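The values are calculated or read from the model by the stated rules, or taken from the named source; none is laboratory data. Owing to the predicted nature of the structure, the values given are computational and were not obtained by experimental measurement. Heads up, the Cβs are rebuilt from the backbone with ideal geometry, glycines too, and the neighbour counts pull from every protein chain shown. To get the accessible areas, we keep the full protein, side chains included, count just its heavy atoms, and leave off ligands, DNA and RNA. Shrake-Rupley method; radii C 1.70, N 1.55, O 1.52, S 1.80 Å.
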Amino acid sequence: MRWPSVSRRGFLRGTAAAAAVGAAVSVLPGCTNPEQEDVPEPMVVDTDRAINALEEYHERDLDFVEKESWTLSLGCVFREAPGAWVPATQAGSSAVPMAKGCAFSLESGTLAEVVPDVRSDKSSVVIYDVRCSDDVYAWVELDYLTHEWVLYASRFGNGALEGSATTLWTGSADYDPPGFVCWNNSVLWQITPALSGKNTKDHSFCYLWKLGSENAKSVVESPGRFALAPSVSGDQVILAPRVRADEGVFYGVTAYSLDDDLSTIVDQLVLPQTVKPFYATHIGDRFAISIEASYSSGGMFGTMGTYIGPSSGPFVRLAREPSANVAGKDDTFIIKSRTSYFVLDVHKETYSILTAANRSVDYGEFPVRVGLSKDFVTFATVKDEASGYPSAVVLRSFGL
C-alpha cells in the first residue's frame, strides 16, 4: 500500500482549480501529490505473452440464469450502480423537460421520478446525466447553448430526494461535464479541462463530498486529463490519472480505497507510453482493462482488447473491441461483445456465452453492473417484432 502525500504546490493547484471553475461547497486540501515517488514502471509485455481466451480456454455452458426481467417505456437510459436502486434518465413527455432524472428499484420493479425537471429557469438547460447509490442521488444539468453545467446532489431514499439539494460544483464550457459516481453516502467527481478552450493545460482533480458536509475534499490530482470517469468496484474506486508526467504521457490505472477517502492506493498498473485505457475496473486482486485502439508501440497493451490479470501479470486477453466496462466476482469476468457477453472463468480457464436480449442488436445491450458484483444487470432497447421499430427498454437481472 502507498500513502499519497500533500505538497504545498498540490494545495495551491487545488485552490486554483476551485477558483477557476467554482464550487458551491467549500473545498478542503488533501489532494494526492502528482509526483508520486513510488509509481510502478510502465507495464510493457510482449504481445505473445498474454493468454488468448478464445483460443486457449474451453467453451462450456453458462452456469447462471436470468432471474427477472422488466419492460419499461422507450427512452429510458440506465447508468451503472452497485445497489438496489439503479439511476436512469427518461425521455420527457414533451420537449420541456427533455429528460427526467429517475431511479429503478430492483427489489420492487418500479421506476421512480426523482428529478422531474431542472432547477434552472432557462429553457436551454437539460438534465444531462444522473448517478445514485441507495443513499444519495446526484445529477448534472447542462445548458446546451453555452455548455455551462451544474452538479447537484441530495439525500435519497425510497425513490425520492430527501431534503434540499446541494450544489456541488458549477462549470463553464472550458471544463468537461464531470465524470461522477455515488457510493454509500458519498459523491465523487472529476474536474477536467476541455480539449479546447483556455484551460486545456490545467491539472485535473477528483473531489469527494459526503452527505451533510459543507466541504468537499480534493482527493486525487492528475497533471493532465484523467483517462477514465470514476468507477466503483466493491469498496474501491478506479481512476486513471496521468503519472510520470516528466517522462511523457503515461496513465496509471489505480484502485483507491473508499473506506479511507482514497488515502490508500490498493493497486496500480501504469500503461505503456501514450496507451490510453477505454474502461478499467479492479475485481479481487486483478485489473480488467479495456483498450479501444491499436497502437504502434506498447507491446501487448498496445493491441485492442480486454486484459485481465494482477498488476504484475500474467494477463488473459479477450480479443474483441470493448464497448462497456467489465463486471464479475471471484474468478468470473463478464465482458460485453456486440451481440453477446463473454463470461470468462480465469481459474477454470473456460468461457461461456450470454446472449443479448432478443431484437436488441441494432441498439445494443449494456451492463448496469460494473466491477465487483453479486448479480449482473443489463438494459437494452428492443424492436417490436412486427414493425421492426424500437418499442421498449428491457432490464434483465442474472444471479452470479
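Within the range 271-291, the set of residues being crowded, with 24+ Cβ neighbours inside 10 Å and not in a strand (DSSP E or B) comprises L271, V275. Number of residues in the range 213-260 that are free of Cβ contacts under 8 Å to residues at least 60 places away in the same chain and under 22 Å from T167 (Cα atoms): the value is 2. Consider the range 310-328 and keep the residues that are of a type in the set (G, A, S) and more than 16 Å from Y351 (Cα to Cα). The one that is most open to solvent (accessible area, probe 1.4 Å) is S312. Scanning the range 84-102 finds no residues that are at pLDDT 95 or above, over 22 Å from the mean Cα position of the chain (by Cα) and over 24 Å from S164 (Cβ atoms).
In the set (1) part of a strand (DSSP E or B); (2) touching a Ser or Thr at 6+ places or on another chain (Cβ under 7 Å), the condition left unmet by V96 is number (1). The set of residues in the range 216-232 being open to solvent by less than 50 Å² (accessible area, probe 1.4 Å) and closer than 18 Å to A255 by Cβ consists of V219, V220, E221, S222, F226, A227, L228, P230, S231, V232. I'd like to know if the range 116-123 contains one or more residues that are on the phi < 0 side of the Ramachandran plot, in contact (Cβ under 8 Å) with a residue 12 or more places away in the chain and in a strand (DSSP E or B). For the range 116-123, residues on the phi < 0 side of the Ramachandran plot, in contact (Cβ under 8 Å) with a residue 12 or more places away in the chain and in a strand (DSSP E or B): absent. Taking the criterion of being among the hydroxyl-bearing types (S, T, Y), open to solvent by less than 50 Å² (accessible area, probe 1.4 Å), in a strand (DSSP E or B) and in contact (Cβ under 8 Å) with a residue 40 or more places away in the chain, the residues of the range 136-185 that qualify are Y137, T166, T167, Y175. Being closer than 14 Å to L168 by Cα and open to solvent by 10 Å² or more (accessible area, probe 1.4 Å) is true of S213. Reported count of residues in the range 344-359, each being over 23 Å from the mean Cα position of the chain (by Cα), part of a strand (DSSP E or B) and among the hydrophobic types (A, V, I, L, M, F, W, C), is 1.
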